[in-house]
Amino acid sequence: MNSLFLFSTIIDFPTNSPYNTNTMILSSQDTESIPDRLVTPEIEETEIDMDINLRPQTLFDFVGQEKIKEPLSISIEAAKGRNEAMEHVLLYGNPGLGKTTLASIIASEMGVKIKTTAGPALERVGDLAAILTNLGRGDILFIDEIHRMNKTIEEVLYSAMEDYALDLIVGKGPAARTLRMPLERFTLIGATTKMNLLSGPLRDRFGHVYHLEFYEPEDMEKIVHRNARLLEVTIEDEAANLIAGRARRTPRIANRLLKRVRDYAEVKHDGTISIEAATKALTMLLIDEHGLDEVDRKILKTIINAFKGGPVGLNTLAAATAEEMETIETIYEPYLIQIGMLERTPRGRKATARAQEHFNTIAQAQSALL
Ligand code: ADP
């Protein structure tokens, strides 16, 4: 392979990628694994426009995450003051908490361009090389799901991040030689939901590492109010509080619930999201006050009723609920554990006293209605 061939290969690659390199579009392969669930924190294909429209544009508009915002704004100001690219930034946290939003805010606050891609989209070195060589001084490359990048790409990224150069091997066998291509000083922003899957050498190359946490209830409420304003719908404080409380402390879920409640209020009421409209809509959508949906409740109820509260092995639980083991483990369990309703023990899964209480309250409310 000669260098000319190498360059033509580089230029061709990104168009074959399942991700558009400017705006990330999930490939069908990725979205197939996402269940059609109201309370899933992952983005659904139909929500890409909603996400973009409701995305805060400045750090000022970005609600909550105070521990991140101040150091971040200082780094942005300092880099701008020195007229330098910002150091590389790693953002980690659950889906839907604002990693992509923060990356685009950093770009707009720095006044630079941003290219967006994702770990699984970078299949060949040429994919990465084409993107990097097109970045201008100070521009940002955002790699979502950076833990899903393959090893070869990751190694090429090391010299790009550290020396602002691309080390490419040209040719094969004894004729092979290394070609070093200089790059503009750029900022890599990596996002990951699984910090433990990131290799040490990659993690060490980020100057800033920020952990996005689940949102505080008052911040969730602010987000619901803000987004209702953007959607031009009137919402009562109590209704905003209700939606915020059922959104699993995740802005993306709050946005989704807000839209569904708005539809309900428009069709069944006068369009205002009153507490009455919100309560009825969320009851219809089967989301309870802890943000649990039907499957969450089925899992907990099965442990409580069929296995006397547990412990019960994951495979037995999967068979009893007719859900896949992996789906229980990766999709449902984390939130149930986080809110203290489920415990993982060496002997299996256990429903906690809190879960028991929750179902007792539901049962009491139901019998009061009879
Ligand atoms: P992630 O990349 O972590 O999956 P996103 O950045 O795509 O999450 O955020 C999902 C949506 O949630 C955004 O479109 C935005 O509307 C909303 N959002 C996230 N964080 C905030 C925040 N701090 N303030 C207001 N809205 C937010």
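Read-outs throughout are calculated quantities, based only on the coordinates presented, and are distinct from any laboratory measurement. On a predicted model such as this, the values are computed, not experimentally measured, just so you know. A quick note on method: Cβ atoms are made from the backbone with ideal geometry, for glycine too, and the neighbour counts reach across all protein chains shown.
Shown for GLU294, GLU123: other C-beta atoms within 10 Å of each C-beta, ranked fewest to most, produce the order GLU294, GLU123. Computed on the chain, with alpha-carbon pairs under 8 angstrom and 6+ residues apart, the relative contact order is 15 percent. Across q = 0.25, 0.28 Å⁻¹, the stretch 217-284 modelled as identical point scatterers on its alpha-carbon atoms has Debye log10 I(q)/I(0) values of -1.03, -1.31, in the order of the q list.
Cβ crowding within 10 Å, taken as a proxy for footprinting-reagent exposure, orders LYS151, LYS301 from fewest neighbours to most as LYS151, LYS301.
Quick one: Cα convex hull volume of the stretch 294-369, Å³ per residue?
On the way: hull volume 6.5 nm³, N = 76.
Hull volume over Cα atoms, normalised by residue count, gives 86 Å³.
Determine the equivalent ellipsoid of the stretch 102-162 by diagonalising the alpha-carbon gyration tensor, then write out the semi-axes as square roots of 5 times the eigenvalues, largest first, rounded to whole Å. Walk me through the numbers before you get to the answer.
Values: eigenvalues 83, 33, 18 Å².
Value: 20, 13, 9 Å, ordered largest first.
The Rg/Rh ratio for the stretch 102-217, using Cα coordinates for both the radius of gyration and the Kirkwood hydrodynamic radius, is 1.00. For the pair the stretch 298-370 / the stretch 227-265, the C-alpha centres are spaced 27 Å from each other. Remark: relative contact order (the stretch 294-369) = 33 percent; criterion is Cα-Cα distance under 8 angstrom and separation of 6 or more residues.
With charges set only on the Cβ (+1 for Lys and Arg, -1 for Asp and Glu), what does the dipole of the stretch 217-284 come to about its Cα centre, in debye to the nearest 20?
On the way: 13 positive and 11 negative charges, 97 e Å.
It comes to approximately 460 debye.
Over the stretch 167-290, how many pairs of lysines fall under 20 Å by alpha carbon, counting only those 8 or more apart in sequence or from different chains?
On the way: LYS222/LYS259; LYS259/LYS268; LYS259/LYS280; LYS268/LYS280.
Total qualifying Lys-Lys pairs in the stretch 167-290 comes to 4.
In plain terms, the C-alpha convex hull of the stretch 130-285 casts an average shadow of 13.2 nm² when viewed from every direction. Ranked by how many other Cβ atoms sit within 10 Å of their own Cβ, fewest first, the residues VAL125, VAL267, VAL312 fall in the order VAL267, VAL312, VAL125.
Under a GNM of the chain (C-alpha, springs under 10 Å), which listed residue has the highest mean-square fluctuation: SER274, SER199, SER104? Of SER274, SER199, SER104, the most mobile in the Gaussian network model is SER199. Which log10 I(q)/I(0) values does the stretch 199-349 give at q = 0.11, 0.12, 0.13 Å⁻¹ under the Debye formula, counting every alpha carbon as one identical point scatterer? For the stretch 199-349, the Cα-only Debye profile gives -0.56, -0.65, -0.72. Taking amide H atoms as placed 1.01 Å from N in the peptide plane, the amide H of ILE273 lies under 5 Å from those of THR234, ILE235, GLU236, each 5 or more residues away in sequence or on another chain.
Per-residue 3J(HN,Hα) values for the stretch 346-355, derived from phi via the Karplus relation 6.51 cos²θ - 1.76 cosθ + 1.60 with θ = phi - 60°, read x, 9, x, 8, 10, 7, 8, 4, 4, 5 Hz in sequence order (x marks Gly and Pro).
Rounded to the nearest 500, the helix-only mean residue ellipticity at 222 nm of the chain stands at -14000 deg cm²/dmol, with each DSSP H run of n ≥ 4 adding -39,500 (n - 2.57). Rg and Dmax of the chain, based on Cα coordinates, read 23.6, 84 Å.
With contacts defined as alpha carbon pairs under 8 Å and 6 or more residues apart, what's the relative contact order of the stretch 99-159 in percent? Mind dumping the intermediate values first?
Values: 60 pairs, mean separation 25.6, N = 61.
In percent, rounded to a whole number, it is 42.
Taking amide H as placed 1.01 Å from N in the peptide plane, ILE189 has its amide H under 5 Å from the amide H of VAL89, LEU141, PHE142, ILE143, each at least 5 places away in sequence or on another chain.
Of the DSSP beta bridges with both residues in the chain, give the percent that are antiparallel, rounding to the nearest 5.
In the chain, DSSP labels about 40 percent of beta bridges as antiparallel.
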